[in-house]
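A short worksheet on the structure shown next.
The values are calculated or read from the model by the stated rules, or taken from the named source; none is laboratory data. Everything quoted here is computed from the prediction, not taken from an experiment. Reconstructed Cβ throughout: ideal geometry from the backbone, glycine too, with neighbour counts over all protein chains shown. Note: accessible area is taken over every heavy atom of the protein model, side chains too, but ligands, DNA and RNA are not part of it. Shrake-Rupley method; radii C 1.70, N 1.55, O 1.52, S 1.80 Å.
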Amino acid sequence: MSKKTFEYDFQAKEVQKFLEKSAKKLSDLRPLMREAAQGLKFVVDQNFETEGTFTGDKWQAWSDKYKKWRLKQKKGQGSILSFEGRLRRSIVASSSATEAIVGTNVKYAAAHNFGCDKTVNKTSKKGKRFSCNMNTPKREFMRINETEQQNLIEDLQEFLEQELKKIK
């Protein structure tokens, strides 16, 4: 992934322990890490699809002011965190022999994932600089719960069993 702006450590300790145990059984973990990265990306995609309910609580709805602005921009009622879909499309999975990574290079990703309440400087389409208050509620799209951690471990176990059969 080039020019990473935002990566999030899911703190999936059980998944990490399983991967470390598996590392002792295989010399090349790239296929396992690739599978883990794809599994984590699936969780993120499902969070977008369900507006957060896949791994937690539903994301906070738009404010009335924002709803009116969207209508004025002819963007209608779309889904939360999807003005033009850039953030969701930017989510990529990558891996190495030792890491499974899900991230994005979109600058505002962290503000949406963790929430943001501060004044920011922006540049309009016409090149004019201005400041505005960014009051964005926390909408965790990069989040994994215990159930999904366990599902991912089971998927990785199955994958690893298939790989180990190839080694025997």
* To do: Would you work out what percent of the accessible area of the chain, with all protein chains in place, is carbon or sulfur (probe 1.4 Å)?
  => 47 percent
* In segment 78-160, which trypsin sites (Lys or Arg not before Pro) fall in coil by DSSP and have 11 or fewer other Cβ atoms within 10 Å? -> 107, 125, 126, 128
* To do: Scan (i) 15.9; (ii) 17.9; (iii) 18.7 for the value of Kirkwood radius over Cα pairs in Å calculated from this model and give just the label.
  => (ii)
* To do: Skip the ligands, DNA and RNA, and give the accessible area per residue of segment 1-160 with a 1.4 Å probe, whole Å².
  => 64 Å²
* List the aspartates and glutamates whose alpha-carbon lies under 13 Å from that of residue 138, not counting same-chain residues fewer than 8 positions away? -> 51, 57, 117
* To do: Pull out a ≥ b ≥ c, the square roots of the eigenvalues of the alpha-carbon gyration tensor of segment 44-95, then state rounded if a/c is under 1.5, prolate if not and a/b is larger than b/c, and oblate in the remaining case.
  => oblate
* Too long at a 25 Å Cα-Cα cut-off: which of 41/67; 58/118; 58/122; 21/41; 67/118; 41/122? -> 41/67; 58/122; 41/122
* Asked: Counting other Cβ atoms within 10 Å of each Cβ, which chymotrypsin sites (Phe, Trp or Tyr not before Pro) in segment 49-112 have at most 16 and sit in a DSSP loop?
  -> 62, 83, 108
* Structure fact -> Within the chain, excluding any GluC sites (Glu not before Pro) found in a DSSP loop (not H, G, I, E or B) and having at most 13 other Cβ atoms within 10 Å, the longest uninterrupted segment runs 1-83
* Summing Lys, Arg as +1 and Asp, Glu as -1, what charge do residues with Cβ under 11 Å from the Cβ of residue 83 carry, residue 83 excluded? -> +3
